[in-house]
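Undergrad: This is the structure I have questions about; it appears just below.
The values are calculated or read from the model by the stated rules, or taken from the named source; none is laboratory data. Predicted model, so just to flag it, every value in this text is computed and none were measured. Cβ: placed from backbone, ideal geometry, glycine included. Neighbour counts: every protein chain shown.
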Amino acid sequence: MISRQWRGLCKPEHAQAYVEHLQGETFPAIRKISGFLSASILRRQTYEGIEFLVVTQWESIESIHGFAGAEVVPAKVQKMMIEYDHVVRHFEIVV
């Protein structure tokens, strides 16, 4: 299994809208991709803003290709962010 991880620092006033975007648009779309297993939203308050770590789990690196070709950060989400990862991280789940 593969864990796909993306981090973004959100403007505090847009934090709820970002969660709604993930739950209403991103997650429903990726649930349709073969090999998708699960998704989590991790959040913490920092001095600079609200930091999010979006973690999805996949059966294999090949199964991510249906999602990985998509734009990582849509334009409307970029406006919500202070900074964000331009490259996602993939980890093999060992245990």
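Undergrad: Give me a count of the residues in region 1-22 that are part of a strand (DSSP E or B) and closer than 18 Å to His65 by Cβ.
TA: 5
Undergrad: Which residue pairs have Cβ atoms closer than 8 Å, lie 6 or more positions apart in sequence or on different chains, and pair a first residue in region 30-41 that is more than 17 Å from Phe52 (Cα to Cα) with a second residue that is at pLDDT below 95 and hydroxyl-bearing (Ser, Thr, Tyr)?
TA: Ile33/Ser63; Ser34/Ser63; Gly35/Ser60; Gly35/Ser63; Phe36/Ser63
Undergrad: Kindly establish whether Gly66 is at positive phi and free of Cβ contacts under 8 Å to residues at least 40 places away in the same chain.
TA: Answer is no for this residue.
Undergrad: Just checking, how many residues over region 1-20 are in contact with a His (Cβ under 6 Å, 6 or more places away or on another chain) and closer than 11 Å to Leu53 by Cα?
TA: So the count comes out to 1.
Undergrad: For the condition touching a helix residue (DSSP H, G or I) at 6+ places or on another chain (Cβ under 8 Å), over 19 Å from Ala75 (Cα atoms) and modelled with pLDDT of 95 or more, what is the one hit in Phe52, Phe36?
TA: Phe36
Undergrad: Please tell me if Glu20 is surrounded by fewer than 12 Cβ atoms within 10 Å (Cβ to Cβ), within 13 Å of the chain's Cα centre (by Cα) and farther than 21 Å from Glu92 by Cα.
TA: yes
Undergrad: Okay, next question. If we keep just the residues of region 41-69 that are surrounded by 12 or more Cβ atoms within 10 Å (Cβ to Cβ) and small (Gly, Ala, Ser), which is nearest to Gln16 (Cα to Cα)?
TA: Gly49
Undergrad: Would you call Ile61 touching a His at 6+ places or on another chain (Cβ under 6 Å) and touching a residue at least 40 places away in the same chain (Cβ under 8 Å)?
TA: no
So that you can scan it fast, the table gives a plain yes or no per residue for (1) at pLDDT below 95; (2) under 12 Å from the mean Cα position of the chain (by Cα); (3) of a type in the set (Gly, Ala, Ser):
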{"residue": "Pro28", "(1), (2), (3)": "no, no, no"}
{"residue": "Ile41", "(1), (2), (3)": "no, yes, no"}
{"residue": "Glu48", "(1), (2), (3)": "no, no, no"}
{"residue": "Ile64", "(1), (2), (3)": "yes, no, no"}
{"residue": "Phe67", "(1), (2), (3)": "yes, yes, no"}
{"residue": "Glu71", "(1), (2), (3)": "yes, yes, no"}
{"residue": "Ala75", "(1), (2), (3)": "yes, no, yes"}
{"residue": "Gln78", "(1), (2), (3)": "yes, no, no"}
{"residue": "Met81", "(1), (2), (3)": "no, no, no"}
